[in-house]
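Only the coordinates and a few stated rules stand behind these numbers; no lab work does. Predicted model only: the values in this text are computed from it and were never measured. All Cβ positions, even for glycine, are placed from backbone atoms using ideal geometry, and neighbour counts span all protein chains on display.
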Amino acid sequence: MEKALDKRFLKFLIALAITNIGIAWLEIKWLYLLNLPIIDLFFFNFIIKRVRGRKNLFLEWLEVIFVAMFGALILRTFFIEAYTIPSPSMQNTLLTGDYLFVSKIHYGPKMPVTPVSMPFAHHTLPFINKKAYYDKIQLAYKRLKGFSSVKRGDIIVFHYPEGDTISSIYQSEASYYQLCRLFGESEVRENVEEFGTLIYRPVDKRENFIKRVVGLPGDTILIKNSLVEINGKEEQSNPNLQYNYLIKTSENELPHRLLDSMNIPEVYRQYHDDIKAFKIPLTNSSYYTIKELDDVKGIRKEEYKDAAFSNAIIFPYIPSYPWTVDYFGPLYIPKKDDTIELNLWNLPLFKRIIEAYEGNKIVINGNHIFINGELTKIYTFKMNYYFVMGDNRHNSADSRYWGFVPEDHIVGKALFIWLSLNKEKEELKEKIRWDRFFKKIK
C-alpha cells in the first residue's frame, strides 16, 4: 500500500513539474490553473465522481473553480506570490529567467490600496491591453503585522517608486520623470506621437522591481570608487557583486563555454569597436579567471566618476550634487518620526518624499520654503525609507537613479527559486538550469 502511494506521489510530482515548466516556458500565466485538475486527478477524483454520477457538472465545475481561485487569491494577496526575474540587474545572485516565490508575511502583508481590480491581473488586462483596476476608490496604506523587519542585505520586491506616471509608449523603458529629465517636460507632454499619452498608477499597481537592501532608515550611505560605506563602515563582502570590466584580447574573442559557466548573458558579450575591448560584468572570482587567460592582454575595472555625464540620470539630478554610480553621497536615509533641518541645499534630496510619498505641497519663495502654505525650516518624516541596489552594480537601475523606496511600496521578501529557464538557449536540455531548482535566495 505504501509503495503504491509513493509511486502515485512521484507521478504527481513529475506531472506537476512538466506542466509548470511548460507553462513558464510559454509565459501564459492563466495556464497555471491546469494545476487544479492535476491535483484532483491524483488525490481527490472530485471531477471524475461528478462526471459519473451527476447531471449538474457545469455548476459544480464553477463551484470548484471559484473556491480554488478564491483560495489562490487569498494566498497571493496575504502570504506568497510568484515573481519572474526580467533583467540581469541582480546577476549573479538572480538570473534572468529565474522564477521565485516572494513572502508577504515576513514584513507583514500589505492591504490592497486599490481594492477594485481584476484577480490575478497586476495593472493591465492581457490580450486587450486595458487597465485592470478601478482607481476612483483608494484606501489608506495599512500593513498587517509580520514576523520580521526589513534587514540590511535582504532581497526585496517593491513597487517602482517613480512608476506613478509613465508614458504609454515607453512603459517598460523609462518613467515619465526620466523622460522629462532627458527630453524636457513640455516635449514629453506635448509630443504625443513620439511619447504617447500619460498613464497614472496607484502604489500597488506600479511595476514590481527586485533589489538588495543596502541602507536602512536612519543610515547614511556613501559610495567611493564603487565601494559602499554604511555609517562609515564598509559594506559586508558579497561574492556575487559584479562590476563592469574592460577586457582587451589578442583575437577579439572570449571562450563562450567559460562565459556560460559564469552566467554572462549574451547582451554583455559584445566586442566594442569604439574602445577596442569587451565590456563585461564580472564578480571578483570571475575577474581572476579571465585575467589568467592567455589571450587576455589587459583587463581593468570600469570607473564612472564624471558627473557631467550623470546629472540627468543620477539622483538628485542637479550639478550641485555631482554624483555618479561609483561616487555617490553621503546621503541620509529618512526614518519615521525623524526631524531634519530643511533648506534649499538639501531640499532636492527629500522633495519627492515630502510631495509624492507623503502628500504635501511645497512652494519656494525666494530663500523660504512653504509646506502646505506654512513657512518651515524643519520636516518630520511620516514613513521609513530604504536604499536599494542591484548586485550587478554597473548595470542596475536602483536607488542611485531614482532615490528612496518608501515602506508602503515594499511587497515582500524573496525566498527561493522554484524554476530557472535560460531563455537564450533553444534546446530544452540547455534551457533548464537544474542546479537552481529550489535554491534559497541569499
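Remark: the stretch 225-237, residue by residue, has Karplus-estimated 3J(HN,Hα) of 6, 6, 8, 9, 10, 10, 6, x, 10, 5, 4, 4, 4 Hz, where x stands for each Gly or Pro and the curve is 6.51 cos²θ - 1.76 cosθ + 1.60 at θ = phi - 60°. Taking 18 Å as the cut-off, the amide N atoms of the stretch 332-359 that come nearer than this to a point 7 Å along the Cα-to-beta-carbon line of His368 belong to 342-345. Here the spin labels are modelled as points 7 Å beyond Cα on the Cα-Cβ line, and at Asn284 and Glu251 they lie 3.2 nm apart. Which FRET efficiency, nearest 0.05, do Leu73 and Ile137 yield, Cβ-Cβ r, R0 22 Å? Step by step, r from the Cβ atoms, then E = 0.75. Give, as ranges by residue number, the residues of the stretch 154-179 whose backbone N falls under 19 Å from the point 7 Å along Cα→Cβ of Asp338. Within reach of a label on Asp338, which here means backbone N under 19 Å from a point 7 Å along Cα→Cβ, the stretch 154-179 contributes 154.
Pairs of lysine residues in the stretch 217-312 that meet both criteria, 8 or more places apart or on different chains and Cα atoms under 20 Å apart, total 16. With a cut-off of 17 Å on the backbone N, the residues of the stretch 303-319 near the modelled label site 7 Å out from His272 along Cα-Cβ are 303-310. Taking each of Lys145/Lys442; Lys110/Lys440; Lys104/Lys145; Lys110/Lys205 in turn, the alpha-carbon distance tops 18 angstrom for Lys145/Lys442; Lys110/Lys440. For Ile432, the residues whose modelled amide H falls within less than 5 Å of its own, excluding neighbours fewer than 5 places apart on the same chain, are Asn422.
In a fully extended conformation the segment linking Leu293 and Ser168 would gain 40.3 nm over its present Cα-Cα distance, using 0.36 nm per residue.
Projected label points at Lys439 and Asn240, each 7 Å from Cα along the beta carbon direction, are separated by 0.8 nanometres.
Is the C-alpha gyration tensor of the stretch 145-250 telling us rounded, prolate or oblate? Criteria: a/c under 1.5 is rounded; beyond that, a/b larger than b/c is prolate, otherwise oblate. Oblate is the answer for the stretch 145-250, as a/c is 1.5 or above yet b/c matches or exceeds a/b.
Computed over the stretch 275-381, relative contact order equals 18 percent, with contacts defined as Cα pairs under 8 Å that lie 6+ residues apart. By definition, a body whose alpha carbon gyration tensor gives a ≥ b ≥ c is prolate when a/c is 1.5 or more and a/b is larger than b/c, and the stretch 228-270 fits this prolate description. If the chain linking Leu222 and Glu426 were pulled fully straight, counting 0.36 nm for each residue of separation and taking away their Cα-Cα distance, it would gain 69.1 nm.
Derived from the Cα gyration tensor, the three semi-axes of the equivalent ellipsoid of the stretch 105-174 are 26, 17, 11 Å, largest first. Note on the stretch 82-130: the C-alpha convex hull projects to 5.0 nm² when averaged across all orientations.
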